[in-house]
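Q: Below is the structure I would like to discuss, written out as structure tokens.
The values are calculated or read from the model by the stated rules, or taken from the named source; none is laboratory data. Given the structure is predicted, the values throughout are model-derived calculations rather than measurements. When we count neighbours, we look across all protein chains shown, and the Cβ atoms used for this are built from the backbone with ideal geometry, even at glycine.
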Amino acid sequence: MKLCVLGGAGFRTPFVHQALLRDTGSPRVDELVLHDVDPVRLDGVARVLAELSRGFLDAPRVSTTTDLVEALEGSDFVFAAVRIGGLEGRCRDERVALDLGVLGQETTGPGGIAYALRTVPFMLRVAELVRRHAPGAHVLNFTNPAGIVTEAMQQVLGERVVGICDTPSGFGRRAADLLGLDPARVRMDYVGLNHLGWTRRLLHEGTDVLPCLLADDAALAELEEGLVFGADWLRTLGSVPNEYLHYYYANHEAVHSALTAEETRGEFLRRTQGAFWEELARTREGAADLWRATVSARSASYMAEAKGGRQGAPAHAGQPELDPAQQGYAGVALAVMAAISRDERSTVVLNVRNGATIAGLPADAVVEVPATVDANGVQALSTAAPDLHQLGLMQQVKAVERHAIAAAVHGDRTEALKAFALHPLVGSTTVARRLLDGYVAQVPEVAAVFDR
């Protein structure tokens, strides 16, 4: 099988490659094509993969290209993990918002809207090219904001596009470990949108073990979500929110933390990854070790501001796992591919078309819920209705997402203004106008959306 990775010069590509190396099923991926716009970085990532492949006799054949059509042609699966505007765009997403006193974050709030505006047009082009050059391919979308991008691409490719985020599955795995249970035997009752969801039950052999976790002070002290939200708030809710809900439940604190930090998350990554690429260009051996060290530092500082730390400082606990063989987003992606190509039925939390799963949201909206995956494709599981506070927030944010898609598709400033003004983390039409003007002035890729 041929797997095409868009954004192949990204830091996550070696995770995908390691997962493929450990896959022993049949059929399996034997051709891996990396696409990116930067040939120098593509060459660097290819050298990392070559070192990771040592000792594996049947490693996938790896090639690189800057030609999008060549990369997609005849693919069975397409992983999309691109960043339109690069880290410079992310830094501006953050700073434009923070300069106006509102949250600057790449997927949540106004930064996520700006990111979507410049990303959706490119991903729609990708969807059209997939339809023409890889008509049988399934697209596994990791490109953020994952829910928005997946919903936009489904307008072209339908349900052959699925969005993947490892945050819900990661929580389920970590929670099971803390309770001394086999993660493979634990099922999650999860409902929401991408980066906006709640784990309501953890089922082990038919018994909900989430109350046991919430009652365990020691376990919550080790749990990332316990650090982010505090044990009292988790017990008050009776559920465990996706960690990105920190930006809603503690918005004032999050904005204050970002404003007083020496650098934003984007600026931290721009600095550390810039140093990585410079060092990699000088490194002929040890490329894989250099990548591991950089990823370790990157992961340790993940959401540090929400856990009492700062960018660049190790988090207390709960950092994303570095072993992709059984874990992480690469493991989720491999499970989806195996389920589709080998009919290895699996249940995973994915970004999928709503249908009738959540009453109160449009049927064609993309939601994040448990889904079954097999050779017939992806099917969202039925789920209990969300609580009113959950549904209300989901409805408001979904309306924002759909305005953002309309703005990106049609180059419509009015739709973009609605997206900013209606987002619950903006709270001011005046600020919304300034946000839109600021992103157009400072991010060329956003300006281009409205210059067509």
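Q: Looking at this structure, is residue 105 among the polar types (S, T, N, Q) and either assigned to a loop (DSSP other than H, G, I, E, B) or in contact with a His (Cβ under 7 Å, 6 or more places away or on another chain) (or both)?
A: Considered against the rule, which asks whether it is among the polar types (S, T, N, Q) and either assigned to a loop (DSSP other than H, G, I, E, B) or in contact with a His (Cβ under 7 Å, 6 or more places away or on another chain) (or both), residue 105 comes out as yes.
Q: Next up: Could you list, in sequence order, the residues of segment 150-164 that are over 9 Å from residue 124 (Cβ atoms) and either surrounded by fewer than 24 Cβ atoms within 10 Å (Cβ to Cβ) or touching a helix residue (DSSP H, G or I) at 6+ places or on another chain (Cβ under 6 Å) (or both)?
A: 154, 157, 158, 159, 160, 161, 163, 164
Q: Filter segment 283-301 down to the residues that are of a type in the set (Ser, Thr, Tyr) and in a helix (DSSP H, G or I), then identify the one that is nearest to residue 171 (Cα to Cα).
A: For segment 283-301, the residue satisfying everything is 299.
Q: Quick check, is residue 45 surrounded by 20 or more Cβ atoms within 10 Å (Cβ to Cβ) and in contact (Cβ under 8 Å) with a residue 40 or more places away in the chain?
A: Spelling it out, it is not the case that residue 45 is surrounded by 20 or more Cβ atoms within 10 Å (Cβ to Cβ) and in contact (Cβ under 8 Å) with a residue 40 or more places away in the chain.
Q: Here is a follow-up. Kindly indicate the residue of segment 4-15 that is at pLDDT 95 or above and hydrophobic (A, V, I, L, M, F, W, C) and also surrounded by the fewest Cβ atoms within 10 Å (Cβ to Cβ) among those meeting that condition.
A: Per the criteria, the residue is 9.
Q: Could you look through segment 36-56, keep only residues that are of a type outside the set (A, V, I, L, M, F, W, C) and in a loop (DSSP other than H, G, I, E, B), and pick out the one that is farthest from residue 294 (Cα to Cα)?
A: My answer is 55.
Q: Collect the residues in segment 422-452 that are within 24 Å of the chain's Cα centre (by Cα) and more than 16 Å from residue 98 (Cα to Cα), keeping them in residue-number order.
A: If the condition is that a residue be within 24 Å of the chain's Cα centre (by Cα) and more than 16 Å from residue 98 (Cα to Cα), then 422, 444, 445, 446, 449 are the ones that fit.
Q: Do any helices (runs of 4 or more DSSP H) lying entirely in segment 211-282 carry at least 3 residues that are not hydroxyl-bearing (Ser, Thr, Tyr), and which ones are they?
A: Per the criteria, 217-222, 224-229, 231-237, 251-260, 265-282.
Q: Checking residue 200 against (1) modelled with pLDDT of 95 or more; (2) among the charged types (D, E, K, R); (3) in contact with a helix residue (DSSP H, G or I) (Cβ under 8 Å, 6 or more places away or on another chain); (4) part of a helix (DSSP H, G or I): exactly one of these is not met. Which one?
A: (4)
Q: Same structure again: Being closer than 18 Å to residue 3 by Cβ and either surrounded by fewer than 20 Cβ atoms within 10 Å (Cβ to Cβ) or within 15 Å of the chain's Cα centre (by Cα) (or both) narrows it down to one of 121, 168, 135, so name that one.
A: Only one candidate qualifies: 135.
Q: Sticking with this structure for a sec: I need the full set of residues from segment 182-196 which are of a type in the set (A, V, I, L, M, F, W, C) and surrounded by fewer than 18 Cβ atoms within 10 Å (Cβ to Cβ), in order please.
A: 184
Q: Which one of the conditions (1) surrounded by fewer than 24 Cβ atoms within 10 Å (Cβ to Cβ); (2) modelled with pLDDT of 95 or more does residue 102 fail to meet, given that it meets all the rest?
A: It is condition (1) that residue 102 fails.
Q: Hey, among 88, 94, which residue is crowded, with 17+ Cβ neighbours inside 10 Å and in contact (Cβ under 8 Å) with a residue 40 or more places away in the chain?
A: Matching residue, one of 88, 94: 94.
Q: Give me a count of the residues in segment 174-184 that are within 26 Å of residue 376 (Cα to Cα) and in contact with a helix residue (DSSP H, G or I) (Cβ under 8 Å, 6 or more places away or on another chain).
A: 1
Q: I've got another one for you. Regarding segment 52-66, can at least one residue be identified that is small (Gly, Ala, Ser), more than 16 Å from residue 7 (Cβ to Cβ) and buried (at least 24 other Cβ atoms within 10 Å of the Cβ)?
A: Within segment 52-66, not a single residue is small (Gly, Ala, Ser), more than 16 Å from residue 7 (Cβ to Cβ) and buried (at least 24 other Cβ atoms within 10 Å of the Cβ).
Q: Further question on the same structure: Going through segment 24-33 one residue at a time, which ones are surrounded by 15 or more Cβ atoms within 10 Å (Cβ to Cβ) and out of contact with any helix residue (DSSP H, G or I) (no Cβ under 6 Å at 6 or more places or on another chain)?
A: Scanning segment 24-33 gives 28, 31, 32.
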